[in-house]
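The values are calculated or read from the model by the stated rules, or taken from the named source; none is laboratory data. Given the structure is predicted, the values throughout are model-derived calculations rather than measurements. Note that we place each Cβ from the backbone using ideal geometry, even for glycine, and neighbour counts take in every protein chain shown. Remember, those area values only see protein heavy atoms, side chains included, never the ligands or the DNA or RNA. Shrake-Rupley method; radii C 1.70, N 1.55, O 1.52, S 1.80 Å.
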Amino acid sequence: MTDTTGPLFAADGTPLKRKLSQALFKSRARAFGLVFPLLGFILLTFIVPIVLLLWQSVYDDRYASLMPKSTEIISGWDGVSEPTEDMAAAMVADLVVARETKTIGRVATRVNRELSGTRSLFTKTARSAAKMEAPYLAALIDKDDEWADIETWQAVKIAAKTFNPSYIAAALDLKYNADGSFSRQDEDRRIHIKLFFRTLEISFLVTVFCLILGYPVAYLLSTLPVRTSNLLLILVLLPFWTSLLVRTTAWIAMLQGQGVLNDLFVVFGIATDDDRFSLIYNKTGTLISMTHILLPFMILPLYSVMKTIPPSYVRAAKSMGATNWTAFWRVYFPQSVPGIGAGALLVFILAIGYYITPALVGGQDGQMISNIIDFHMRKSLNWNLAAALGLVLLVFVLFLFWLYDRIVGIDNMKLG
């Protein structure tokens, strides 16, 4: 009788378990080798640039690298007591070097991020720093009274930190203080939290409107004959063949005071010629245009899921006495929920980072946080604050994704 309780061996004498492990390893290595070029491309062109940009939200070594002497001295200052002569001497020495190496502009810009108005203070003082003599603190104050203000030195202390939470604090309408504490920004500077909430509001409303408009369309596409549904599906995909910029500018012509929609409202008596609706350069224009642009992203996931729902289920419910509404709500709708989840998540995430449409038709009331990020990237050149705003937005989107997974479940999301 053969003993089957001991280890099994392959034909070459190798234990079968080890042989199986080697075969699995080779199979996985071969699969990894096939996808490695794609993974490398995504890593180098997508992941690395994003990480490098977000890294700037907490890392800024401009002042520390260009003003090493004052950085070393001021790092030991408590940020509360009066500035010392050693701090002033180190500051003057660094200003002399920064003037000679023509880096004073970068230094002044960095400090100005923490305290507005200090750029001109640094550039003006640097021009005279080489002629200053001890006592240096008195010489600095004699050059400009702002050097006697402790807030100037506190701004320098914050700017001298290489790893700095001040940008993330500013993104949350907070102020990072020299002693390491946080305080709220002044009332007129609290704009980011308001924009974050407005972004969430617009994204949520656009998602709801897309669901209300897209669900009947997807249902119609899934129930019509194949030839007819394919023709209508081409109409749904037709906007993708047109530039986003062209579609957005078309809405400007549609929504303006003398535009097509207002003319129709006047014709049908909904509005008068002297009292037309304000549909553009506000939140209303943003909602209308974004809903139209993102509607296909809701219809397609819904359609792909609805297409897999057997119509016999609804017929069976009706044959057992259910009304049309009961058959739809109790039988059909629950099976379409995965498509609703996929479409809603896709539309919401796309809407939360939208830029072109709010920039063109939003006006002041329709601007979103993406427009402020663009402003800091292209105009103010405060890339660190832009990175901090992007980091906060990314963390919030990931939180919503986690919340969706906890409530609905990612496993229940289907795209067909």
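The table below lists the values:
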item: Some residue of the stretch 202-223 being among the hydroxyl-bearing types (Ser, Thr, Tyr) and under 30 Å from Leu172 (Cβ atoms); result: yes
item: Residue in the stretch 62-85 that is least open to solvent (accessible area, probe 1.4 Å), counting only those that are over 37 Å from the mean Cα position of the chain (by Cα) and under 11 Å from Gln154 (Cα atoms); result: Pro83
item: Close pairs (8 angstrom Cβ cut-off, 6 or more residues apart or separate chains): in contact (Cβ under 8 Å) with a residue 12 or more places away in the chain in the stretch 55-83, open to solvent by 40 Å² or more (accessible area, probe 1.4 Å) and in a strand (DSSP E or B) anywhere; result: Val58/Phe163; Tyr59/Phe163
item: Filter result for the condition that a residue is surrounded by fewer than 20 Cβ atoms within 10 Å (Cβ to Cβ), of a type in the set (S, T, N, Q), more than 30 Å from Gly353 (Cα to Cα) and at pLDDT below 90, over Thr242, Thr228; result: Thr228
item: Single residue of the stretch 346-361 satisfying the filter (within 12 Å of the chain's Cα centre (by Cα) and free of Cβ contacts under 8 Å to residues at least 60 places away in the same chain) that is nearest to Ile372 (Cα to Cα); result: Tyr355
item: Qualifying residue in the stretch 257-265 (condition: within 27 Å of Thr357 (Cα to Cα) and at pLDDT 90 or above); result: no
item: Matching helices (runs of 4 or more DSSP H) fully within the stretch 122-188 where at least 1 residues are touching a residue at least 12 places away in the same chain (Cβ under 8 Å), of a type in the set (Ser, Thr, Tyr) and within 16 Å of Val96 (Cβ to Cβ); result: 136-143
item: When residues of the stretch 260-294 are limited to those that are of a type in the set (Gly, Ala, Ser) and assigned to a helix (DSSP H, G or I), the one farthest from the chain's Cα centre (by Cα); result: Gly285
item: Search result, residues across the stretch 309-332 that are surrounded by 14 or more Cβ atoms within 10 Å (Cβ to Cβ) and either under 29 Å from Tyr404 (Cβ atoms) or in contact (Cβ under 8 Å) with a residue 40 or more places away in the chain (or both); result: Ile309, Val314, Ala327, Phe328, Val331, Tyr332
item: Answer from Val266, Val217 - the residue that is open to solvent by less than 80 Å² (accessible area, probe 1.4 Å) and out of contact with any Asp or Glu (no Cβ under 7 Å at 6 or more places or on another chain); result: Val217
item: Residue that is modelled with the highest pLDDT [pool: residues in the stretch 374-416 that are over 28 Å from Tyr219 (Cα atoms) and part of a loop (DSSP other than H, G, I, E, B)]; result: Asn382
item: Cβ pairs under 7 Å, 6+ apart, first in the stretch 7-22 and of a type in the set (A, V, I, L, M), second at pLDDT below 70; result: Leu16/Leu8; Leu16/Phe9; Leu16/Ala10
